[in-house]
Structure formats: C-alpha cells, structure tokens
Amino acid sequence: MESITKFDRTPTMSTYLVAYVVGEYDYIETKDSNGISMRVYTPLGKKEHGNFALDLASKVLPFYAEYFNIKYPIAKADQIAIPDFASRAMENWGLITYREIALLIDPKSSSLTVRQRNAMTISHELAHQWFGNLVTMDWWTDLWLNEGFARWIQYLAVDRFYPEWDVWTQYVADVFSQFLVLDALKSSHPIEVPIGHPSEIDGIFDTISYAKGSSVIRMLHDYIGDDAFRKGLHNYLKDYSYKNTVTFNLWSHLAKASGKPLIEVMSSWTLQMGYPLVTVYEEQQSNKTRIIKLTQQRFIADGSSDDENLQWTIPITIFTKSNPKSIAKEILMDKPEITITLENISEDDWIKLNYNSIGLYRVKYEPKTLARLNEPIANKILSPQDRLMIQDDVAALCNAGHQSFVDYLKLLLSYKDEDNFTVWKSIASTIGNLSSLLEYTDYFDQFKKYRLNLCSSIQNRIGWDATTNENPLVAMLRPIILTLMGKSGDQAIIDEAKNRFQQHINGNLIDPNIRPAVYVVVSHYGDENTQEELQKLYKAADMNEEKVRLLTAMGQSLNPASIEKTLQFVFEGDNVRMQDAYIGIAGCASSRVGRDIVWKFLQKNWTKLVERFGESSVFLIYFVESCLSNFADEKLVSEIESFFHSANTSTVTLAVKQVIETIQMRSNVLKRDSKAIEEYLSQQ
C-alpha cells in the first residue's frame with residue numbers, strides 16, 4: 001500500500017544544506033534543555049554506540065544558543081552515521097551526516113583519542129547550525145567564516161564540558177602550529193581567496209581556511225574580550241539571519257561592540273598570505289631596566305626574503321620571570337620596528353613574548369635570551385602552550401636556516417622531564433619530521449639513540465598500563481612515547497609489543513588506548529606474516545575506529561614486500577573504503593623505503609586513481625601530500641613537476657607546488673646542518 005510522507009516547510013536556506021537519507025537504521029533520542037528534539041541514527045544493532053554523541057549534542061546545542069543569545073532556529077537536530085562518506089561530516093540543517101568513525105563510540109573499544117576527536121567534530125557541526133546555516137557566506141571567498149569560526153568555537157564547547165582534556169593546549173599543537181607550517185610556504189594563500197571556477201573550491205578546504213581562520217578568531221577573541229565578542233556575534237547573527245554575508249560584516253559588528261579599529265587590524269591577517277616573524281633584541285640599561293627592540297618580517301619556510309615587505313598589525317604580549325602568570329606589557333605593533341622599555345627586571349631575568357601562544361607570529365630570540373628560557377621550561381614554570389611553542393618556533397627557524405638544528409637538539413634536553421601530553425605530541429611530530437630527513441644520512445642510528453635518551457624518563461614513569469584514577473591525558477601520551485621508543489629500537493618495548501600483539505590475536509585484547517602503538521611497532525619490525533595478521537584483524541573489525549588503527553600501522557613496515565602487500569590490500573578489491581585509502585598511503589610513505597615504493601605506485605596508477613576518486617576529489621590532494629612531503633632529494637623535483645604537468649589534474653596543482661617547496665627546503669636543511677648534527681650526536 002502506498003503512503004505519502006509530508007515534511008515541514010524549511011526555513012530560508014542554502015541548497016547545499018538540504019539532505020535526505022534513506023536506509024534501515026536504529027536510533028536513540030532525547031530533548032535538550034530547550035525542548036529541541038534530538039536523535040542519533042546508528043547502524044542496526046549499534047544503538048549504544050550513539051550514546052556519547054547524543055549526550056554531548058544535547059549539552060552543546062543549548063550552550064551555543066546561550067552563547068550566541070539566539071535560539072536554535074528549527075525543531076529538531078538529528079545526527080546520522082553514513083558507512084561511505086567522503087567528508088568527515090556535513091552540517092546539513094537538522095540532519096548532520098557523519099562518517100561512522102566520526103560519530104559512533106564503542107564503550108568497550110573506543111580510545112580516549114577517538115572520543116575526543118568525535119566530541120570536536122560534533123561540536124564543530126553543531127556550531128555550523130548558526131554560523132553557516134542561519135547566516136551563510138556570500139561566496140566561497142568567505143569560506144573561512146564558516147570553517148574558521150566553527151573550528152574555534154568547537155574547542156570552547158568541548159572545554160566547557162570536558163575541562164580535564166585541556167583542549168586549548170591541544171589547540172596550539174593541532175591547529176595553531178599546523179597552519180604556521182603551511183602558511184610559511186610561498187605557495188600559500190590568504191584566508192580570503194578569490195574563487196572563479198568550481199575546480200578551485202576543494203583546494204581551499206585546507207589548513208588555511210580551517211586552522212588559520214580559527215587562529216585569527218582566537219586572537220581576535222583574546223584582543224577584544226569575551227563580552228564584546230559575544231555582543232558583536234549576537235548582533236551579527238541577528239542582523240544577517242537567513243541572509244548572506246561577507247567578512248567585512250563580521251569585522252564591523254565586532255568593531256562596534258568592542259570600540260576597537262578591527263577592520264584596520266584584521267585586514268592584514270585575512271587579505272595577506274603568511275604571518276610575521278618577530279625578532280627580539282635586548283639591552284639591559286641598568287639593574288632594573290631593559291630595552292626591548294622588536295622587528296617584524298614575513299616568516300618564509302626556506303629562509304628567503306619577502307620581496308613584498310608585508311607588514312601586520314600584531315597584538316604583542318610580553319611576560320617575565322617576576323610574574324610568569326600575567327602579562328607585563330601589551331602593545332599593538334603596527335610598524336616594522338618598535339622599542340619597548342621594561343622596568344623592574346634584573347639582568348638574569350627571562351622574558352617571553354606571546355603569552356599562551358595566542359598571537360599569530362613566530363618569535364626569534366637572541367641566544368642568551370633563549371638560553372634563559374631553559375630553566376622555566378625544565379621546571380614547568382611556563383604554561384604548556386608556551387613550552388610547546390618555544391620548541392616549535394626553534395624547529396621552524398632551523399628549517400628556515402635562521403638557526404642550526406643542533407640548537408633544537410640542545411633545547412630539547414630541557415624537556416626530558418616533560419609530562420604534558422600535548423607538548424610531547426608536538427615534540428614527537430617534529431622528531432618525526434626530523435627522522436624522515438635524517439633517514440637519508442649514515443648516522444640515523446645515532447639519532448635513534450638520542451630519541452631513546454630523550455624519552456626514557458617519561459616512559460619509565462608512565463609504563464605500559466593505566467593506573468587507577470589516571471589523568472586521561474596520560475592515556476593519550478602513552479602510545480606516543482611507546483611508538484617513539486619502539487621505532488627508535490628499544491628492544492624491551494619491541495619485545496613487549498610483540499608479546500601483547502600475540503596475546504591480542506589469541507583473544508586477550510589490548511587496551512584500546514595503546515593499540516596504535518602496539519600495531520605500529522609490530523608492523524615496523526614485522527614480515528609478510530605480520531601483515532597478514534594485521535589484515536585479518538582489519539577484515540574482522542566491525543568498528544571503523546579499529547580499522548583505521550590497523551590501516552595506519554600496516555604500511556609502516558621496513559620490509560618492501562610488506563609495503564607492496566599493503567598497497568595491494570588498500571587498492572585492490574573492496575577491502576578498504578575509498579574514504580580511508582589515503583590513510584594506507586600515508587602509512588606506507590612514512591619510511592624512506594616506503595616513500596619510493598608509493599611514489600612509483602602513484603605514477604603507475606594515477607589515471608586509475610583519478611577515475612576512481614574523481615578529478616576534483618580532495619583525496620587526490622591527500623595522496624600527493626602524504627606520498628611526497630617527506631622526500632629530501634632536490635633532484636626529484638623535476639620528476640614530480642614533469643609527471644603532474646603531464647597528468648593535468650588541476651585539483652592538485654596547489655598541493656604539488658607546496659610539496660615541491662617543502663622538498664627543496666628539506667634538501668637545504670641537509671646540506672646546511674647535516675655535518676653539525678652528526679658531530680653533535682657523536683658527542684652524546
């Protein structure tokens with residue numbers, strides 16, 4: 001018997017926000033504190049996997065309504081898990097779609113890392129119900145208004161309900177420092193970028209739109225204060241409800257609410273690519289007076305000069321040893337050079353710029369100024385955000401040739417007693433990048449010994465297994481340290497990983513929080529039989545989270561045959577969903593031997609990949625970046641240029657330029673610092 005289903009009339013809305021889903025699903029439901037009907041739809045038999053999402057969403061939705069002082073504008077807010085979905089999530093109005101891994105949580109096997117990542121994604125998509133749906137960008141040029149704002153406020157929401165996760169420190173590592181890497185390239189682009197053809201759209205859903213956009217919002221929020229920020233947002237959303245808007249409209253409302261000249265201040269951050277390097281020069285005038293000279297210039301990843309002489313209006317903050325928890329001096333730097341006088345500061349007192357790393361700039365200190373910071377780093381007097389960014393800035397300066405990587409390796413010794421998850425995550429990332437460079441030298445084994453020395457103290461303290469009432473961030477730190485030590489050759493770690501992996505196969509399951517480390521270490525030292533075991537586990541897994549853990553590890557073998565086997569597993573048949581294929585590529589390309597194999601694979605199969613994924617697919621960009629970014633041979637540049645010129649795939653044009661620039665920079669680092677690094681490591 002036929003039936004007719006009638007839907008309520010939609011509000012005035014953009015067509016890209018309309019969604020229908022047809023299929024068999026279970027669902028759970030509730031109402032939030034404002035009476036909004038909320039559901040989470042799950043695959044059949046997995047209702048309990050939606051509980052985390054429903055509980056969080058029912059808190060976040062009214063939080064946003066209160067923060068914006070504008071009610072959620074429709075009667076329901078549904079969320080649904082889609083098995084095959086190109087994007088991680090999509091903010092369709094009232095029916096948000098997610099990949100399964102981005103929404104569902106298995107209470108027995110989901111790690112804290114995935115719970116946290118899902119909380120971020122859910123909070124991000126719910127923010128779009130106001131910022132993007134209720135008020136929509138006028139054109140793709142203002143994409144960052146949607147994505148940058150949602151990326152910032154997702155952290156505000158998650159911090160509200162999970163303060164123990166310390167997400168604002170994680171923001172510095174996962175968002176702030178990531179945009180600093182990409183935006184230092186000459187091939188970067190401004191936040192506001194003209195779009196003239198549909199093929200250009202996917203290319204701007206990148207780190208600049210999301211990460212730099214949100215970092216601009218974070219800096220702005222700090223600059224004008226929360227009260228003025230909320231007042232300006234409310235008026236902006238109220239005035240442009242069910243309308244289109246441009247960046248200028250947001251600036252004007254926030255400027256009016258704060259009484260500050262934001263249009264002049266913010267234009268340098270959205271209309272120009274890049275960001276400044278602030279160099280600090282000190283002169284002690286007397287026992288208690290110090291003159292600080294600051295200069296600004298664009299920071300470029302390869303250390304070259306800025307031909308355009310770009311300048312920014314920079315909110316500068318300075319704090320000192322005498323009061324490390326508050327700002328001693330705050331000034332708006334709108335010139336190439338300024339001079340500041342600090343009173344009541346002794347000759348041996350340290351100073352630091354950029355309190356809590358909120359300003360969008362890197363800092364270069366003179367050697368004596370940097371050396372004074374070793375003590376507050378080692379004793380954790382500085383905040384985790386500041387400890388993190390000191391080493392991140394120095395690493396970037398080393399990459400650019402402003403300092404030697406020996407300076408970075410010496411600085412890291414101040415972090416031997418570091419116990420903050422996010423600081424270690426950042427250090428591990430930089431060490432990983434440096435490792436992928438030093439793989440091309442004859443002294444890589446010496447560097448692995450250095451890594452072991454750096455990590456041994458924290459590993460001895462946190463061990464393998466969680467303790468009663470353990471800080472949740474320790475559970476997230478543990479796999480980072482175990483992976484780093486295992487891949488550095490610590491035999492006890494390797495043996496224990498192999499033992500636990502065998503027990504896991506036999507049914508004694510590994511704690512989900514350390515599975516990534518165990519899988520990576522056994523894969524790294526395993527043979528083809530190990531790969532077969534990992535593939536069996538992958539096929540047997542019914543949660544995509546577990547599949548991603550296994551897929552990430554599979555390619556990280558040092559055995560060429562195992563890497564070939566992983567590529568076959570990923571791309572032949574239907575073992576791996578298309579949306580996850582790039583994860584396999586990234587794992588295979590994580591080693592020197594794997595990189596060469598993956599590059600040959602891409603060249604041989606590029607036409608097939610374009611046909612399979614689509615010429616405008618963002619996954620093609622992921623393939624290019626994950627395969628090529630860690631090469632260090634400048635001779636490869638012409639080969640890459642020639643291949644992609646012939647391939648004529650416009651979607652990856654910007655990614656190829658960025659990859660080439662990165663390879664050239666890495667090659668220069670080896671030429672410049674290799675001998676000095678070898679000499680330093682030989683003395684350790």
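Please treat every number below as a calculation from the coordinates, not as lab data. As the structure is a computational prediction, the values presented were derived from the model and not from experiment. Here the Cβ is made from the backbone with ideal geometry for all residues, glycine too, and neighbour counts use every protein chain on show.
Here are a few things to note about the model shown:
- Calculated P(r) of the chain - Cα pairs past 34 Å, %: 48 percent
- The aspartates and glutamates whose alpha-carbon is closer than 13 Å to the alpha-carbon of K186, local same-chain residues fewer than 8 away aside, are D302, D306, D307, E308, E661.
- Label-to-label distance for T468 and N287 is 5.5 nm, based on points extended 7 Å past Cα in the beta-carbon direction.
- The lysines whose alpha-carbon is closer than 21 Å to the alpha-carbon of K6, local same-chain residues fewer than 8 away aside, are K76.
- Centre separation in Å (Cα based) which lies between the range 239-291 and the range 77-147: 29 Å
- Net charge of Cβ neighbours under 14 Å - reference V216; Lys, Arg +1; Asp, Glu -1: -2
- Taking one quarter of the surface of the C-alpha convex hull of the range 131-274 gives a mean projected area of 8.7 nm².
- In terms of surrounding Cβ atoms within a 10 Å radius of their Cβ, S87, S187 rank from fewest to most as S87, S187.
- Cut-off 11 Å between beta-carbons: net charge of the residues surrounding Q296, Lys and Arg +1, Asp and Glu -1: +1
- Mean residue ellipticity (222 nm) of the chain, computed from DSSP H runs ≥ 4 via -39,500 (n - 2.57), nearest 500: -16000 deg cm²/dmol
- Ascending count of other beta-carbon atoms within 10 Å, so fewest first, for L438, L609, L112: L112, L609, L438
- Cβ-Cβ distance of N529 and D495, R₀ of 25 Å, FRET efficiency by 1/(1 + (r/R0)^6): the value works out to about 0.90.
- Distance from the C-alpha centroid of the range 635-683 to that of the range 377-443: 21 Å, rounded to the whole angstrom.
- Modelled this way, with points 7 Å down the Cα-to-C-beta line, the labels at V593 and W139 are 5.2 nm from one another.
- Stretch gain in nm, segment T30-R117, where the contour uses 0.36 nm per residue and the Cα spacing is subtracted: 29.1 nm
- Least to most buried among W139, W168 (fewest other Cβ within 10 Å first): W139, W168
- Rounded, prolate or oblate (a/c below 1.5 giving rounded, otherwise prolate when a/b exceeds b/c) for the range 526-684 by Cα gyration tensor: oblate
- Relative contact order computed over the chain (Cα-Cα under 8 Å; 6+ residues apart), in percent: 10 percent
- Legend: distances between Cα atoms for K539/K604; K600/K635; K59/K325; pairs beyond 21 Å are K539/K604; K59/K325.
- Kyte-Doolittle at least -0.5, axis length at least 30 Å by Cα - qualifying DSSP helices, the chain: 653-682
- Label zone at Y443, where the point sits 7 Å out along the Cα-to-Cβ direction: the range 400-424 residues whose backbone N lies under 16 Å: 404-411
- Listed by chain and number, the lysines whose alpha-carbon sits under 17 Å from that of K487, ignoring those within fewer than 8 places in the same chain, are K425, K448, K449, K498.
- Binned Cα-Cα distance frequencies in the range 1-120 - 5 Å width, integer %: 2, 10, 19, 23, 21, 15, 7, 2, 1, 0
- Mean-position separation - Cα centroids, the range 550-604 and the range 160-224, in angstrom: 29 Å
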